[in-house]
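The values are calculated or read from the model by the stated rules, or taken from the named source; none is laboratory data. Being a predicted model, the structure only gives us computed values, none of them experimental. Neighbour counts are summed over all protein chains in view; Cβ atoms, including those assigned to glycine, are modelled from backbone coordinates with ideal geometry. These accessible areas exclude ligands, DNA and RNA; they are computed on the full protein's heavy atoms, side chains included. Shrake-Rupley method; radii C 1.70, N 1.55, O 1.52, S 1.80 Å.
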Amino acid sequence: MKTSSADYVIRVHTDLAELPLEAWNALLAKQAQPTPFMRLEYLQALQQSGSATAASGWQAQFLSVWQGEDLIAACPAYLKSHSYGEYVFDWAWADAYQRHGLDYYPKLLVAVPFTPVPGARLLAADEAARGLLLDALLAFARQQTLSSVHILFPNEKEQTTASAGGWMARSGVQFHWSQRPEAPYRDFEDFLASLQREKRKKIQQEQRRVREAGVTFETRQGREIREEDWDFFYHCYQLTYRAHHSQPYLTREFFRQVARTLPEHWLLFIARRDGQPVAASLIALDPQQRVAFGRYWGAVEPISCLHFDACYYQPLSWCIAQGYRRFEGGAQGEHKMARGLMPVSTGSSHWLAHPDFSQAVAEFLGREGQAMQGYVNELESHQPFKAS
């Protein structure tokens, strides 16, 4: 699809290989809260590896806005035939549509597939270009007679712009660790010393159990991660999904491709016992922003407390040593607070075509938003840190 005016051209892309890599990434770099997951190499790998395609319910409909030869706005957009892999749950909305004889799917989703990481979604040279992009999303949805458009985990500026344009805002919560700005933690022991005694003792006990089981950790970063390391990690990744009686979203080819095109963005912890690998934890890195993201983990055998050590304590120790300022622990999980990860509000923006359903969802989101704020306030009242 291609539409134009005297000043700009809007294009819809189903093949991500036709998008300009350098122009897309340059636009991303100008945004508030860019992440590696919005780099075009990452999004292309999702499609080219067969992980996010029409066959898996993720039909690419990326939008780009051009002014002459200049890319002034763009976003990842997908026609979705289901709501899996999103981490912002709208199954009840889909069920309500179905009970009233209406089709909720396909819907249009602006998101990074399988990646609940807050950050830029509506890449734009300025606010005017961002407004054009939002208008283009709605025009596309109306043209295709879609039920709705959803922007998942946008940055604060994007959600504010969408709300000003009449989109409905939804809030959520995640748990992130942040380096102490006034007196940065010197090392992991210094971080532990800042926790309440019972929290500190529990972490020390969990790490002791892992050591007593004979487990040690090996750290590999970037191009140090070998093909056999990726193979072992992927085996563990599959086992995690198998334990939950489901299939992994990402293919082995996806990791092969991002290891080649984005090597500097990966950190792998491999747990070994008697010289043999028994577990792996993959962390994504943004070296420029000094932010790390917990992604995937798995183990070939159950070892007490190994998950906590591999997914939280080893990454936190590494982040402190390397001068990183934030570690995002992923979606959900109140148990992360006991390990020093604090609640952080996240958001999403929604537009529904049907006026009655739109009004009903708006009322629901108002109630949900109040409940979510109360939940966050309650969480924050249970600080794991010592009183100042």
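Some points to look at:
- Reach of LYS80 by Cα under 29 Å, taken over lysines that are not fewer than 8 positions away in the same chain: LYS2, LYS30, LYS107, LYS157
- Net charge dipole size for the chain [Lys, Arg +1 and Asp, Glu -1 on Cβ; Debye, nearest 20]: 900
- Model label sites at ARG256 and SER178, defined 7 Å from Cα along the beta-carbon direction, differ in position by 4.2 nm.
- With all protein chains in place and a 1.4 Å probe, the accessible surface of segment 236-275 carries 51 percent carbon and sulfur.
- The accessible-area ordering, largest first, of the residues TRP297, TRP91, TRP177 stands as TRP91, TRP297, TRP177, per a 1.4 angstrom probe.
- With every protein chain in place and a 1.4 angstrom probe, the accessible-area ranking of GLU228, GLU301, GLU368, largest first, reads GLU228, GLU301, GLU368.
- Between GLU22 and GLN67, the contour length at 0.36 nm per residue exceeds the Cα-Cα span by 14.6 nm.
- Stretching THR145 away from PHE89 to a fully extended chain increases their span by 18.0 nm, per 0.36 nm per residue minus the current alpha-carbon distance.
- Remark on segment 302-357: Rg and Dmax equal 17.2, 53 Å (Cα only).
- Accessible surface of HIS82 - all protein chains present, 1.4 Å probe, nearest 10 Å²: 30
- Using Cβ point charges alone (K and R +1, D and E -1), the dipole size of segment 67-166 about the Cα centre works out to roughly 300 debye.
- Accessible area (Å², 1.4 Å probe, nearest 10) - THR216: 90
- 37 Å tail of the calculated P(r), the chain, as % of Cα pairs: 24
- Ranked from largest, the principal axis spans of the Cα set of segment 35-80 equal 34, 22, 16 Å.
- 16 Å tail of the calculated P(r), segment 180-269, as % of Cα pairs: 70
- Of all lysines in the structure, those lying under 18 Å Cα to Cα from LYS336, and not within fewer than 8 positions of it along the same chain, are LYS199, LYS201, LYS202, LYS386.
- Applying a length cut-off of 20 Å (Cα extent along the axis) and a mean Kyte-Doolittle floor of 0.5 to the DSSP H helices of the chain leaves 127-143.
- Probing with 1.4 Å while keeping every protein chain in the model, the per residue accessible area of the chain equals 45 Å².
- Within the accessible area of segment 163-221, the carbon and sulfur atoms contribute 44%, probe 1.4 Å, all protein chains present.
- Positive dipole terminus of the chain, leading residue within GLN196, ALA129, GLY85 (C-beta point charges): GLN196
- Placing a label point 7 Å from the Cα of ALA360 along the Cα-to-Cβ direction, the residues of segment 86-113 with a backbone N closer than 13 Å are 92-104.
- P(r) for segment 7-115, from all Cα pairs and a bin width of 5 Å, is 2, 11, 21, 21, 17, 13, 8, 5, 2, 0 %, short bins first.
- Taking each residue as 0.36 nm, the span from GLU368 to SER304 lengthens on full extension beyond its C-alpha to C-alpha distance by 19.4 nm.
- Positive-pole candidate from ALA271, LEU63, TRP167, dipole of the chain, charges at beta carbon: ALA271
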